[in-house]
Amino acid sequence: MKNQIKYFALTVLAVGVLIPIPASLAGLACNIFLDGPGVALLTAVPTVVAGFLAYLALRLLKRFIPDTLGRGLAPVLAVFAYYELAYAVPLVISDFDASAFEMTSSLALPWLPLNFILYFMGDQIAYVFVQLGCFVAQSLVVAAVIAKNNPNTPWKKGIVWVLAGALVVGAGVAGEEYFHWQAVLRPDNEVVRIADEVDTYDYLPQNADNKLQVLDDEPTTTIDSDYPKIDGATAGVPVYGAVAQALYRNISWDGDETTVTCSKTAQAYERLLIGDTDVVFAAQPSKRQLEAAAAAGVSLSQTPIAREAFVFVVNADNPVESLTTGQIRQIYQKQITNWKDVGGGDQQIMPFQRPEDSGSQTIMEAKVMDGGELPEPLKEEVASGMGGLVKQVAEYRNYSQAIGYSFRWYATVMTADPNIKLLSVDGVAPTVENIRNGSYPLTVDVFAVTAGTKNPNVPKLIDWTLSPQGQAFVEK
């Protein structure tokens, strides 16, 4: 009996902790040294490592191995059941929301390194199947060792139970994921709104290694003091960051966090209304932002400083090349829900939205939805926050069925991705020439917006931006 207890305790320790840690680290090494392989490899490597470690552990514990398969597999199956419940239950009850990660990680600390990789790859469902693979491999090793030492043991029956248990757990979790996937894509559900993700610090003058354009000649205007505080949209930061860098003289950018910032459109307008910034470079204010300004007794002055194209992006594999404005509106109103209805394949359309009061969301409502509101979005997908709109459309798990919207410069330069393409709208492509001549139907203005600032250099800044030298620099 003492030997049996020792065997059970030591095997639980090995299978539950001592094997998962190196198996998880093997997956981490696989990701680091093999340049980010797919989930299949991240699953296979820990599984092989777990099986090998289980064999070594049993070699060390062989004098405690019981005579029957049932007792031999008991500690392995106990750990197996615990981990699968620890992963499956939080994922299921949270409807595969990202919040389940905190619960599953706290209940399965030995797997934390690998879980982080899977989390940032947007594949939380793989948590469960990594464990399934590892514990099935370990069970097979245990069965093989017992069968070798005890030829009369009915090991085949035991393995059938192990595989049946893994099949039930895997089928249950896979089924829940499938129904969740179906719910996301059903035409009677809401669309998904995704967040923006660009490192705007790359476009701020405070960054000595920034990506900003440099003015070829000396500017016709410089600002030596009372530097206007600038904020704005992500898509506009390459412009206003470069303008500030070109005009502001005798300024120490080191440690400066307030002169030029990128709070993104919604927060930039909020800061403008309370006087925290002097000028905002962004798309036109939304209806809600205009109402907030009126409530605050503030008048917004909008000066157009550039023209840009509002574009729709789809995966490069999508056969659709062009949509009419009316078709786009119907897609987002969920009146058109399948790509085959607009010349594509027989696939459900997955339309992504942008955050509320963002510049692109405002333009979408004003120019495409004809002033109408977009449907309230579904909560973000499991991988939400791990990538921007372009990445989501390029890498969405059903690939060719996603569609999203942004600004041309943002989509083609700031977040350039060969896996997406820009759609023509009403038969006109969003080229530089078509933006310039106005033939592209969704050409929009980028504004310099003020709200009664007293800074004497704000007009100077805006006037230079509108000058021939300034306009050539904005285009550059």
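Rule-based calculations on the coordinates, nothing more; no lab input. This structure is a prediction, so every number in the text was calculated from the model and none was measured. So basically every Cβ, Gly included, is an ideal-geometry build from the backbone, and we count neighbours across all protein chains shown.
If each residue of separation counts as 0.36 nm, what is the full-extension length gain between Ala78 and Lys334 once their alpha-carbon separation is subtracted?
Values: separation 256, 0.36 × 256 = 92.16 nm, distance 4.78 nm.
Going from the current span to full extension adds 87.4 nm.
Expected output is a single nm value to one decimal: the length gained when fully extending between Thr222 and Ala164, i.e. 0.36 nm times separation in residues minus the C-alpha distance. What is it?
Here the answer is 13.4 nm.
Considering only Cα-Cα distances, which of the following residue pairs are longer than 19 Å: Lys229/Lys264; Lys264/Lys287; Lys287/Lys367; Lys229/Lys287? It would help to have the intermediate numbers written out before the result.
Numbers: Lys229/Lys264 14 Å; Lys264/Lys287 17 Å; Lys287/Lys367 13 Å; Lys229/Lys287 24 Å.
Distance filter (> 19 Å) returns Lys229/Lys287.
Straight distance only, please: which lysines reach the Cα of Lys157 with their own Cα at less than 30 Å, same-chain residues fewer than 8 apart left out?
Cross-link targets: Lys2, Lys6, Lys62, Lys148.
Once the Cβ-Cβ distance between Arg249 and Ser299 is put in as r, and R0 is 35 Å, what FRET efficiency do you end up with, to the nearest 0.05?
It comes to 0.70.
Computed over the Cα atoms of the stretch 194-306, what is the ratio Rg over Rh, Rh following Kirkwood?
On the way: Rg = 14.5 Å, Rh = 14.9 Å.
With Rg and the Kirkwood Rh in hand, the quotient comes to 0.97.
Taking 0.36 nm per intervening residue step and subtracting the Cα-Cα distance, what contour gain separates Leu109 from Val12 on full extension? Spell out each step's value before the answer.
Numbers: separation 97, 0.36 × 97 = 34.92 nm, distance 1.50 nm.
Gain in length upon complete extension: 33.4 nm.
Which three semi-axes in whole Å describe the equivalent ellipsoid of the stretch 432-476, each the square root of 5 times a Cα gyration tensor eigenvalue, listed largest first?
Gyration-tensor ellipsoid for the stretch 432-476: 26, 14, 6 Å.
Straight distance only, please: which lysines reach the Cα of Lys476 with their own Cα at less than 20 Å, same-chain residues fewer than 8 apart left out?
Partners within reach: Lys211.
Give the relative contact order (percent, whole number) for the stretch 193-316; include only Cα pairs under 8 Å separated by 6+ residues.
RCO, the stretch 193-316: 25 percent.
So, R0 is 35 Å and r is the distance between the beta-carbons of Asp445 and Asp346; what FRET efficiency does that work out to, to 0.05?
For Asp445 and Asp346, the calculated efficiency is 0.35.
As an exercise, use a Förster radius of 45 Å and the Cβ-Cβ distance of Leu25 and Asp463 to find the FRET efficiency, rounded to the nearest 0.05. Kindly include the intermediate steps, with their values, before the conclusion.
Numbers: r = 60 Å, r/R0 = 1.33.
Working from the Cβ atoms, E equals 0.15.
Along Cα→Cβ, 7 Å out, is where each label goes; now give me the distance between the ones at Asn152 and Thr431 in nm to one decimal.
Simple spin-label model gives 8.5 nm for this pair.
Over the stretch 323-368, what is the relative contact order in percent, taking alpha-carbon pairs closer than 8 angstrom and at least six residues apart?
Dividing the mean separation by the residue count of the stretch 323-368 yields 29 percent.
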